[in-house]
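Student: One structure coming up, written as structure tokens, with questions to follow.
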Amino acid sequence: MAISSLHDPLRSLEEGRWFKLICGASFQNLPAIRTLALVYSLAGADCIDVAADPAVIHAAREGITAAQKLQPVVQPVWLMVSLNDGEDPHFRKATFDPQRCPSDCSRPCVSICPAQAIAFSEHHSGVLEERCYGCGRCLPICPIEQITTRSHPATLEAVAPLIRSGQVNALELHTQVGHEEAFQQLWLRVQPLLSDLKILSISCPEASGILDYLTYLHQLIAPLPCPLIWQTDGRPMSGDIGDGATRATLRYGEAVLRSPLPGFVQLAGGTNAHTILKIKSRDQNAEHPTSTLSGIAFGSYARSLLQGLQSKLEAQPHSSYHLEDYPALLTEGLEAARQLVEPLKHIYSLNPGKGAA
Ligand code: SF4
Ligand code: SF4
């Protein structure tokens, strides 16, 4: 299997070759997240962006670690967590009392759980909270109907220990024009963690007054102990609907680049396989190409490339849900992911002044 060359995420930003995979702030399918993290890490991604949920972080970290075991050289892949300044997302977790399990139960709850979140061992019996993503498959299968769920709010506080321990390397704060007060509240809670971050990203959809709002945010957060990315979220979660979806983020990214705001500018929202072609064509037609974009984040489009693969993985008899156990499927996934990653990594830098191949 051909392997991507060693890269450094910060250098990728400087050279206009930063590739971020967005798993989705509310996407909690742990087996799929593990597969996405594994395949896109192998393909050369710089960063994987996931929900602020310890179970999701654990799954993504497992995928990155599996990729690094398959690589002859260890390449850094940053794990980013997304938070927003609106209400906190709520999740559910399964729960039951293992003391009540009949000794002759064949434990169908263990085999049906796709996240290996139910264990019976001398170290732990019951639900492993950090793995459970609340899919509910274990609920109806229990013969004594003792498995229930409870809500599980995901907060910055829940992921703070993972940031401090280096399991999470980056934070992305989602905000909107007009959220000054809510952002200030979030910022107060984020500040103590800044020194543990490799990078901070701010994501904001385009709206009237956007540049004034971003300028306000920058005045609030500066100076920062780490580099900053502006994620120009053009047409959120639409990259898989067609090539035209990419125009909004490109236009928005160019507007931020023309402003005096310091920081890297990375496209997102509506990004897909056409994004790089559109940037290239724009630069070729411009009298004075000004492209100094730092990278692109791919979400729904990147995930859709591996959707069929994940179904095949889950359909394997007694599937381990570990893609690396199925070499043919791993190769298939890697080929699909490379179609998206390689043009940015090896063919066309978004910042020709610094990243010419
Ligand atoms: S709800 Fe049940 S089956 Fe689903 S991840 Fe949690 S423990 Fe596993
Ligand atoms: S299926 Fe129900 S009774 Fe059986 S081991 Fe699982 S939780 Fe216990």
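Student: Of K280/K312; K198/K280; K198/K345, which sit over 25 Å apart, Cα to Cα? Before the final figure, lay out each step's value.
Tutor: Values: K280/K312 35 Å; K198/K280 29 Å; K198/K345 21 Å.
Distance filter (> 25 Å) returns K280/K312; K198/K280.
Student: Here's a follow-up. If Lys and Arg each add +1 and Asp and Glu each add -1, what is the summed charge of the other residues whose beta carbon sits under 14 Å from the beta carbon of Q316?
Tutor: Details: positive: K312; negative: E314, E324, D325, E332.
Charge balance near Q316 sits at -3.
Student: Note the direction-averaged projected area, equal to a quarter of the hull surface, for the Cα convex hull of the range 106-178, in nm².
Tutor: Numbers: hull surface 30.4 nm².
Result: 7.6 nm².
Student: Hey, another quick one. Pairs of Cα atoms under 8 Å, at least six residues apart: use those to get the relative contact order of the range 136-279, whole percent.
Tutor: 19
Student: Extending each Cα 7 Å along its Cβ direction at E145 and H346, get the distance between those two points in nm, one decimal.
Tutor: Here the modelled spin labels are 5.7 nm apart.
Student: While we're here: Order the following by accessible area, largest value first: S311, S41. Probe radius 1.4 Å; ligands, DNA and RNA are ignored. Mind dumping the intermediate values first?
Tutor: Numbers: S311 75, S41 0 Å².
Largest to smallest exposure gives the sequence S311, S41.
Student: Taking the Cα-to-Cβ direction at R247 and at C105 and moving 7 Å from each Cα, how far apart do the two end points lie in nm?
Tutor: Distance between label points: 5.7 nm.
Student: Between K280 and A255, what FRET efficiency follows from the Cβ-Cβ distance if R0 is 25 Å, with the result rounded to 0.05? Show your work: numbers first, answer last.
Tutor: Values: r = 20 Å, r/R0 = 0.78.
For K280 and A255, the calculated efficiency is 0.80.
Student: With an 8 Å Cα cut-off and a minimum separation of 6 or more residues, compute the relative contact order for the range 137-217 in percent. Mind showing how you got there, number by number?
Tutor: Numbers: 58 pairs, mean separation 26.1, N = 81.
32 percent.
Student: Considering only protein heavy atoms, what per residue accessible area in square angstrom results for the range 91-152 with a 1.4 angstrom probe? Please report the intermediate quantities before stating the final value.
Tutor: Values: 3580 Å² over 62 residues.
With all protein chains present, the range 91-152 gives 58 Å² per residue.
Student: Additional query: For the range 91-152, calculate the relative contact order in percent as a whole number, restricting contacts to Cα pairs under 8 Å that are 6 or more residues apart. Working shown, then result.
Tutor: Values: 86 pairs, mean separation 30.9, N = 62.
It rounds to 50 percent for the range 91-152.
Student: To the nearest 20 debye, what charge dipole does the range 91-152 have about its Cα centre, counting +1 at the Cβ of each Lys and Arg and -1 at the Cβ of each Asp and Glu? Walk me through the numbers before you get to the answer.
Tutor: Numbers: 7 positive and 6 negative charges, 48 e Å.
With only Lys, Arg, Asp and Glu charged at Cβ, the dipole is about 220 debye.
Student: So, R0 is 35 Å and r is the distance between the beta-carbons of E180 and Q307; what FRET efficiency does that work out to, to 0.05? All intermediate terms of the calculation are to be shown ahead of the outcome.
Tutor: Values: r = 38 Å, r/R0 = 1.10.
Plugging the Cβ-Cβ distance into 1/(1 + (r/R0)^6) gives 0.35.
Student: A further question on this structure: Scan around N84 for amide H atoms under 5 Å from its own, H built in the peptide plane at 1.01 Å from N, and keep only partners 5 or more places away or cross-chain.
Tutor: Long-range HN contacts for N84: H174.
Student: Once the piece of chain linking Q71 and A273 is laid out straight, how much longer is it, given 0.36 nm per residue of separation minus the C-alpha distance between them?
Tutor: Details: separation 202, 0.36 × 202 = 72.72 nm, distance 2.55 nm.
Here the segment from Q71 to A273 would lengthen by 70.2 nm.
Student: Working out 0.36 nm times the residue gap between T95 and W187, then minus their Cα-Cα distance, what length gain in nm do you get to one decimal?
Tutor: Numbers: separation 92, 0.36 × 92 = 33.12 nm, distance 3.33 nm.
Length difference between fully extended and current span is 29.8 nm.
Student: Karplus couplings for the range 184-192 from phi (6.51 cos²θ - 1.76 cosθ + 1.60, θ = phi - 60°), rounded to Hz, Gly and Pro as x?
Tutor: The phi angles translate into 4, 4, 4, 4, 4, 7, 7, 3, x Hz.
Student: OK, next. Determine, for each peptide in 32-38, 188-194, 135-141, the mean count of other beta carbons within 10 angstrom over its residues, then list the peptides with the highest first. Each step should come with its number before you reach the end.
Tutor: Values: 32-38: 28.0, 188-194: 13.6, 135-141: 15.3.
Order by mean packing, descending: 32-38, 135-141, 188-194.
Student: Quick check: at a probe of 1.4 Å, how many percent of the accessible area of the range 91-152 sits on carbon and sulfur atoms? Present the calculation step by step, with values, prior to reporting the outcome.
Tutor: Values: 1710 of 3580 Å².
Carbon and sulfur: 48 percent of the exposed surface of the range 91-152.
Student: Then there's this: So if we plug the beta-carbon distance of R164 and A315 into 1/(1 + (r/R0)^6) with R0 = 41 Å, what FRET efficiency do we get, rounded to 0.05? Display every interim value, and only then the final one.
Tutor: Details: r = 39 Å, r/R0 = 0.96.
Calculated value: 0.55.
The values are calculated or read from the model by the stated rules, or taken from the named source; none is laboratory data. Remember, predicted model here, so these are calculated numbers, not experimental data. Here the Cβ is made from the backbone with ideal geometry for all residues, glycine too, and neighbour counts use every protein chain on show. Only protein heavy atoms, including side chains, enter the accessible area calculation; ligands, DNA and RNA are left aside. Shrake-Rupley method; radii C 1.70, N 1.55, O 1.52, S 1.80 Å.
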